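What follows is a set of notes on a single structure, which appears directly below.
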Amino acid sequence: MKKKYQNGFFIFGIVLLVVMITQLDFGEVWRGLRHAGYWFFAVVALWGVLYIFNTSAWYIIIRSQVPPVNSTTHQEHTLTEKQEQALPSQQQPTPFSFWWLYKITISGFALNYATPGGLMGGEPYRIMELAPKIGTERASSSVILYAMTHIFSHFWFWFLAIFLYIFTQHVSFFMSILLTATGAFCVLGIWFFIAGYRKGLAIRAMNLLRHLPFIKRWAKPFIEQHREQLDTIDRQIAALHKQNPKTFISAVLLELLCRIFSALEIFFILLVIMPSVNYLQCILILAFTSLFANMLFFMPLQLGGREGGFLMSVNGLGMTASAGIFVALIVRLRELIWTGIGLLLIKIDKKK
């Protein structure tokens, strides 16, 4: 990526991060940190591990797009076509390391956290960083595929949480209506992404932008000028689902496991005030909080939405409102710390 674009992402993210920090009540933050103690460091360290799950899912998607190298590449073509096909092939090595992609993953999520609209910050950054390594079209398709997989796993997580709630909690009449509506929403989302995997999503997404105010003036000429590239990206997206089902399933499972293990964050925090906390309850809190917060995707760092989600979730499970406020505060601090780390990693790069 050109230095001026890298600096632009960095400065933009830092400005938003400073604005969000100024919204904190520092007295409340200090009391929360003293109360959390060493568990706060466990929460921060946990996300260093969870980002490995995210990176692994993206890495295998990129690897699935690299064509295999036939072992006859460096030999004289004296064998018949049938004999060549019988020879073993090996995967081309990626032109970057897993840990370089890990750095890009963290920075991408940092920009997503800080940017209103969520995906408007991190995904362009990832494409621009990856394009010099594997080409613009392959970089674009891998980033779109990973974003689809990331969101797709969220729908499955919310959908499975409905059954977990039914089997572990008392379901009132109001809650049954809410769970039914949530289930319908998840099924619709799962169907939409499965259709997107089969036929591609780039053209569909751009056609949607053609109908949005302010953006449609830019979207229409962009689609006409880049239709061929968008078609190529859609074919690559469809190829992963059709030709590499193991890669597709592995990526989704890694992201789903990341969602389940990220409930450890809430578990660690609640241990401070509720030593008898149940891990299944933490999964439910995370599921319904993330569902509510993602409905407010247009807010930077989902300010207010996540806090409201925690309050509603803990109240629905019979916990006190103070527990929800405490969890929301520690999670917000963790997000700010990892957002700052991700933005600093944008500036850390090997000199060529």
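General observations
- Out-of-range pairs (alpha-carbon distance over 22 Å; input LYS103/LYS199; LYS103/LYS246; LYS103/LYS133; LYS199/LYS246): LYS103/LYS199; LYS103/LYS246
- The candidates HIS35, HIS150, arranged from most to least accessible area with a 1.4 Å probe in the full protein assembly, appear as HIS35, HIS150.
- A 1.4 Å probe over all protein chains sorts LYS347, LYS199 by accessible area into LYS199, LYS347, starting with the largest.
- The protection proxy used here, the mean number of other Cβ atoms lying within 10 Å of each residue, ranks peptides 101-108, 246-253 as follows, highest first: 101-108, 246-253.
- Peptides 185-198, 122-135 ranked from most to least packed, by the mean per-residue count of other Cβ atoms within 10 Å: 122-135, 185-198.
The values are calculated or read from the model by the stated rules, or taken from the named source; none is laboratory data. None of the values given here were measured: they were computed from a predicted structure. All Cβ positions, glycine included, derive from the backbone under ideal geometry; neighbour counts span all protein chains shown. Ligands, DNA and RNA are excluded from the accessible area calculation, which covers all protein heavy atoms including side chains. Shrake-Rupley method; radii C 1.70, N 1.55, O 1.52, S 1.80 Å.
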